[in-house]
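The values are calculated or read from the model by the stated rules, or taken from the named source; none is laboratory data. Keep in mind that this is a model prediction, so the values were computed, not measured. We place every Cβ from the backbone using ideal geometry, glycine too, and count neighbours over all the protein chains shown.
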Amino acid sequence: MSSQISARFLLYHKISQYLVVSDVRSLRAMLATDNKLERARLGKAAGAHEIFIKLEEAGEIGRGNLGLLIKLLTTLGHRRLAEEARKVEEEEKKDLQSENKRKKDDVVDSLRRLKVRREADKTSSRVTEQQLYKLAGNLGREWEMLAIYLGMTTADVFKYKADNPRNPRSQIFSMLMDWRARKGSGATVGALVRNLEEAGVDFDTFEFLTQKNDTESDDSDTEKSDVEDLGRPIDPPIRPASEPIEVELGGAEMKALYDQACEQGTHLVFNTLLMLVGKHGNGKSSLHDSLLQLEFNEHKPSTDGIMITPCLMTGKEKWTITKEIGDKNADFLHALRTEMIKKRKEMEEIDQVVPEEETEQPGLGPHPLQTDPSTKGHMEEAASSQRRPVEDSRSFKLATSTGISRDLSHIVGSKERPAISIWDFAGHGIYYSNHHVLYTHYAIYILTLNLKNPLSADLKPQSAEEEDQSGICAEALQLKTEGDLVDYHLESIRVHTRPKKRDLKDGDQAEDDKRDREPTVIVVGTHKDQVMTKTITTFHADIKAHLKGKAINKHVYDRCFAIDNTKRDPEDPELSELRDAILNIAQEQNHVGRRIPISWLELKSELIEMTKQGRSYCSLQDVIDATDHSRVPEGFTPEENAVIILRFFHLCGDILYFDTPELRNFVVLDPQWFVDVQKTIITIPEYRRDGKPTQWERLEDEGVLEGTLVDAVWGNKKKQEDLKCDLIAYKDELLKMMEQFDLVLQCSPESEDGTSTATSADTTYFVPSLLTAATEEAKLFPKGTNRSKPIFVDFNDKFFPIGLYHRLVIACMRRYKRKPPLAYANCARFVTNNRRQTFVITKERHYLKVELSSSVKEESACFSHGPAVRECLDEDLKRIIGDWIPGIGYKWYFGCFCAEHKEMEREENRFIPITTEDVEEWFQEGEAVCDQFEPATTTIKDIGLAHWYQDEYAEQRNIVLPQASSDDAVAQEMAKMQLSNRQHMAVPPEVDSEPVTEKQLNMLAGKLGKDWENLAIHLDLTTADVDRYKADNPYNTRSQIFSMLMGWRARKGSGATVGALVRNLEEFGVALDTFEFLTQKS
């Protein structure tokens, strides 16, 4: 309800201003004579306005009923006022008629809703994914508000939108699936209908939920379970234990397609990855050759990028290399597909001569086809819910079972002999930024260490020649000892491979604990032939002592190995034991033995067939043409089907595919090929042979990759022949794909009017990972400019990966692209939209340092860009971590300057954490309490609080209220009168201090009226805030109000209680029935 003053009350006030003392006496006399009001009650009414209030209380006048007032005014000779009263009465009568009509419509609507609810209550079955998918298509723009009502948070809504940025229906479907997962067995049709009804969703939107499922069969020959299921929606298939985790990561839409595709048949796939990591020169490539019993090559060249070798773990003594695994896998899958088609045609011919009644015999109905009998029962149940025509199902079943019945484990792997791909990562620091994003949770890692170098040994400074060969500036990684390097590699594996947290279900805690310990890392010492036995024993002990108590230790295998890579025939005995350990780990991995739909494997076979023909990439249309359209599940188009399957195999690491406007039509069939393409640019100096030396120097000094250098490198005929691609023809797609990995960013400097000034001839790209230049302080903070107090971002476990810093530089460039940054190996300066204001980010070992620089003379505006810079950096960090490094966390800090901290030189020892509540308190108190040396304090000027945060309460502490105009005075007086006549809302003590919830704010947003903007000001928000809420939700007033209330809650922090909100609403004059629900217990 609106909190505005009614026209009737304004009329009363106006009349009281016009009536003189004699008029009031006459008015009182007439009312007393007519016994309209008792004389005693009239005596307490001092003026005309109060008489009108008494008349309303007595029911003589009121809303739409001003006849007595009109008669009195006419008798007193105030015909103009009487006419105004008549107009107010007519308007109020119209409003009452409209309200009555609405109430009548509400009654009808309530009856219809009651009918829907009763039907829903009869249905106790769990809501199905198909029903949720249909509902997602019916819901409109207010689904975000519905999500809050269903118990989700704004962070959840943000995640749904981020996971499906271009598909609103998928966003809604993800939200509904999340609700279903959280409710568990309580996610019934009845529960969903009641929630939708209470949230105010039009029941036409969800009425279908109570109707009989169209897919149910009335065939008298169906199995008993089918008959029992008639009349209620059918539950989805039980989730197989071996469902690929990629399906979960792919979102609700992929899950829906996967479940339907599984009903057509599945196959178990046993494969894993072995990733060799470690410092350059530690012997990773030699270990690779030892595992595969290849000849030792003392002069083997350094690995450039990544080398991938597929093989089968055929035993402890030897692994079988399958260089043609792609061809053999294609042959297998293609043979399976051919066999299925052949058998299907045979059965179709048989069915043409079989009498119709024979095709309806019991037991010939379809059921899912699988190779693992252990899942037969629940998969058969699932199949009964969506029955195909009998003749098609029989042929499909026979063809599939015939095709899979052969023992092909010697080609595709098995539980006993899993297939494995060995990834040998180059150890040069230059590759750390881009290689780490290829780390996966679904691999086994080997960390190689040189036994000759103790963990306590300092990392040797590189000579000029070594620097040139490695292509990395030592300053960038900021590591000092060999032990630091061990931690860096292990932390990199951990933070880049954390699985997304999922909701725990009964009995899943052990599985989640196991997933948290994966992936396993085996520590292998090399150069065993060059050290004594005592050194090896010390090495093992030092590793255990070094890792004790660290989170990264949970990933490390309980045995360390020491290998001599030079020995063959006989080989080092520990090699056999290392192979056996890898095999045992692989057999226990959660993802080995994944169940993949046969239709998806059919498509993969077609993709592998393309690579067999020499193609490393293809178009989306090629993929759509390669799919069997007759097998596309219901509810999906062939294009949607192809895109989702491509996304699945992208998550598996089998292909590279990004569903973006620029790259949607470009599918990389062989990831190794793309690695080979990108390493032609991001490579060590040893391999920089094309282009001009000055162009490579600019790349190292400024991070700028010239378009002409790309043309020179990719135009090399030898490279094009090796990569079997006209790289220049696909230049845009390849560079865009590198941008997807945040490896490069196209630079398009803007003119003053905001338009791009770059042409195709002078296009440049920024590549932060290739920067080697040392920081020049004088250029970052020129003389004559002001420098702010710093603010810091400290990362969990004291680990700040170099790749995160490089991606943050790229993100800042995307935001502040008017002028290229001044960038160094571990520091960069950016120019904001005001060229007189800049900021600098510096990568320290485990934290990020941010500083402001400005030449603005006015002190109050000098660092006005600080709050926006901080908020943008926070937003970019959250996105980067969510996309690439899910296992890392961080907090914001100031540098403390209390007496104790002033004596400490290292700034990381002076951190004081920041919270929203602290900032509010610090501004009010003028100083901050030191977190480490309580009760010592530091002034907010010393920490630079005003440089980075806006003082929202400055105006309150120094506020001077302007003189109100006469009209404002009238409004204020009337508001006070209304408030004085109200009863205060009684808030139960147990509710008063409860934090207000998003669900409550969502409900309140639907009840507030047009005056919400004034309420926002009353809640200490600013007009700028109001403008932002309206701009963010231009077509949805309720969303604007909800954003405002959420903004109030965020600023109040722990003070955003139910009691505080109720008191604010009362003070503003909001009607009691608008927020009465807040005082009720949840």
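So the check is Cβ under 6 Å with 6+ separation or different chains; which pairs have a first residue in the range 818-842 that's closer than 15 Å to Ala861 by Cβ and a second one that's outside any strand (DSSP E or B) and among the polar types (S, T, N, Q)?
If the second residue must be outside any strand (DSSP E or B) and among the polar types (S, T, N, Q), the pairs left are Arg836/Ser855.
Which one is modelled with the lowest pLDDT, of the residues in the range 449-472 that are among the hydrophobic types (A, V, I, L, M, F, W, C) and crowded, with 20+ Cβ neighbours inside 10 Å?
Ile472
Given the criteria of a type in the set (Ser, Thr, Tyr), more than 30 Å from Leu438 (Cβ to Cβ) and in contact with a strand residue (DSSP E or B) (Cβ under 8 Å, 6 or more places away or on another chain), does Ser860 qualify?
no
When you scan the range 585-609, how many residues do you find that are more than 16 Å from Ile420 (Cβ to Cβ), β-branched (Val, Ile, Thr) and in contact with a strand residue (DSSP E or B) (Cβ under 9 Å, 6 or more places away or on another chain)?
2
Among the residues of the range 910-943, which ones are in contact with a Phe, Trp or Tyr (Cβ under 7 Å, 6 or more places away or on another chain) and within 23 Å of Phe795 (Cβ to Cβ)?
Phe911, Ile912, Pro913, Ile914, Val919, Ala928, Ile943
What's the number of the only condition in (1) surrounded by 14 or more Cβ atoms within 10 Å (Cβ to Cβ); (2) charged (D, E, K, R); (3) modelled with pLDDT of 75 or more that Lys94 fails to meet?
(1)
Take Thr838 and decide whether it is crowded, with 23+ Cβ neighbours inside 10 Å and of a type in the set (Val, Ile, Thr).
Against the criterion (crowded, with 23+ Cβ neighbours inside 10 Å and of a type in the set (Val, Ile, Thr)), Thr838 qualifies.
Restricting to the range 713-748, and then to whatever is under 15 Å from Asp690 (Cα atoms) and touching a Phe, Trp or Tyr at 6+ places or on another chain (Cβ under 7 Å), can you tell me which residue is surrounded by the fewest Cβ atoms within 10 Å (Cβ to Cβ)?
Ile728
Can you name the condition, by its number, that Tyr765 falls short on among (1) closer than 30 Å to Ala861 by Cα; (2) in contact with a strand residue (DSSP E or B) (Cβ under 8 Å, 6 or more places away or on another chain); (3) modelled with pLDDT of 85 or more?
The failed condition is (1).
Tell me the residue from Asp572, Asp558 that is in contact (Cβ under 8 Å) with a residue 12 or more places away in the chain, among the charged types (D, E, K, R) and either touching a Lys or Arg at 6+ places or on another chain (Cβ under 9 Å) or in the same structural domain as Glu518 (by TED's automatic domain parsing) (or both), please.
Residue meeting the stated conditions: Asp572.
Looking at the range 839-931, what strands (runs of 3 or more DSSP E) fall wholly within it and have at least 3 residues that are within 27 Å of Met813 (Cα to Cα) and of a type in the set (Ser, Thr, Tyr)?
Here the list reads 847-854.
If I ask for residues that are at pLDDT below 80 and touching a helix residue (DSSP H, G or I) at 6+ places or on another chain (Cβ under 6 Å), which ones from the range 436-448 would you list?
If the condition is that a residue be at pLDDT below 80 and touching a helix residue (DSSP H, G or I) at 6+ places or on another chain (Cβ under 6 Å), then His436, Val437 are the ones that fit.
Tally time: how many residues in the range 519-551 are β-branched (Val, Ile, Thr) and surrounded by fewer than 20 Cβ atoms within 10 Å (Cβ to Cβ)?
6
May I ask you to list the residues in the range 579-604 that are under 18 Å from Leu268 (Cβ atoms) and more than 32 Å from the chain's Cα centre (by Cα)?
Passing the criteria: only Leu583.
With Ala58, Ala46 as the choices, which residue is at pLDDT below 75 and over 30 Å from Leu209 (Cβ atoms)?
It is Ala46.
Evaluate the following for Gly549: is it outside any helix (DSSP H, G or I) and assigned by TED's automatic domain parsing to the domain that holds Ile493?
yes
Which members of the range 700-717 meet the condition of being part of a helix (DSSP H, G or I) and at pLDDT below 85?
Selection gives Glu700, Asp701, Glu702.
So how many residues does the range 185-201 have that are within 14 Å of Met145 (Cβ to Cβ) and either of a type in the set (Asp, Glu) or assigned to a strand (DSSP E or B) (or both)?
Result for the range 185-201: 1.
With (1) at pLDDT 90 or above; (2) closer than 18 Å to Val869 by Cβ as the list, and Phe795 as the residue in question, which single condition is left unmet?
With (1) at pLDDT 90 or above; (2) closer than 18 Å to Val869 by Cβ applied to Phe795, the lone miss is (2).
Among the residues that make up the range 115-129, is at least one of them under 20 Å from Leu209 (Cα atoms), in contact with a helix residue (DSSP H, G or I) (Cβ under 9 Å, 6 or more places away or on another chain), part of a helix (DSSP H, G or I) and modelled with pLDDT of 65 or more?
yes
Just to be sure before I move on: is Ile914 farther than 24 Å from Asp163 by Cα and crowded, with 16+ Cβ neighbours inside 10 Å in the structure I sent?
yes
Which of the residues that make up the range 884-912 are out of contact with any Lys or Arg (no Cβ under 6 Å at 6 or more places or on another chain) and either free of Cβ contacts under 8 Å to residues at least 40 places away in the same chain or not assigned by TED's automatic domain parsing to the domain that holds Thr939 (or both)?
Ala899, Glu900, Lys902, Glu903, Glu905, Arg906, Asn909, Arg910, Ile912
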